[in-house]
Amino acid sequence: MKTFRVLHICDYAALYRGNFIDSLEALEKHHDNVDNFYLFPSRAKGTLSEEWINDLNCHNTKAYIQENSMFKNFVLLSKILKKHKINRIVRHFSDAKIDIIIKFLFKHRCF
């Protein structure tokens, strides 16, 4: 069975993981053929948020933090999509700048 690869773009930078991350991890456990990747906002850098995001990476979950510029985020998102061969993007808590980048990258596809 083909592995489905999902990028979760989460405009979430709480100081603790909370039920939001726990819910995403619980969902991941119920789908064996789905690989999940995460992209969190730049405001997580240098805060307690960065600690639990780094902890996700230590436990075999691939999580990224956005950059401070739209151009750098365009490059980062392009690299993530190519490197992990993402099939689907799921946006949690809409982020207008990332939404624009996604629309530009996928003019002919719906996410």
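The values are calculated or read from the model by the stated rules, or taken from the named source; none is laboratory data. Just so it is clear, the structure is predicted and the values come from calculations on it, not from any experiment. Note: ideal-geometry Cβ built from the backbone for every residue, glycine included; neighbour counts use all protein chains shown. We work out accessible area using only protein heavy atoms, side chains counted, and drop any ligands, DNA or RNA first. Shrake-Rupley method; radii C 1.70, N 1.55, O 1.52, S 1.80 Å.
Here is a yes/no grid of residues against (1) modelled with pLDDT under 90; (2) touching a Ser or Thr at 6+ places or on another chain (Cβ under 7 Å); (3) exposed (fewer than 12 other Cβ atoms within 10 Å of the Cβ):
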| residue | (1), (2), (3) |
| --- | --- |
| 14 | no, yes, no |
| 29 | yes, no, yes |
| 66 | no, yes, no |
| 76 | no, no, no |
| 89 | yes, no, no |
| 93 | yes, no, yes |
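Would it be correct to say that residue 37 is aromatic (Phe, Trp, Tyr) and closer than 18 Å to residue 4 by Cα?
yes
Regarding residue 72, is this residue over 16 Å from residue 105 (Cα atoms), among the basic types (Lys, Arg) and open to solvent by 70 Å² or more (accessible area, probe 1.4 Å)?
Values: over 16 Å from residue 105 (Cα atoms): no; among the basic types (Lys, Arg): yes; open to solvent by 70 Å² or more (accessible area, probe 1.4 Å): yes.
Criteria not met by residue 72.
Taken over the stretch 10-48, the criterion of being in contact with a Pro (Cβ under 9 Å, 6 or more places away or on another chain) and either of a type in the set (Gly, Ala, Ser) or more than 22 Å from residue 94 (Cβ to Cβ) (or both) is satisfied by 13 alone.
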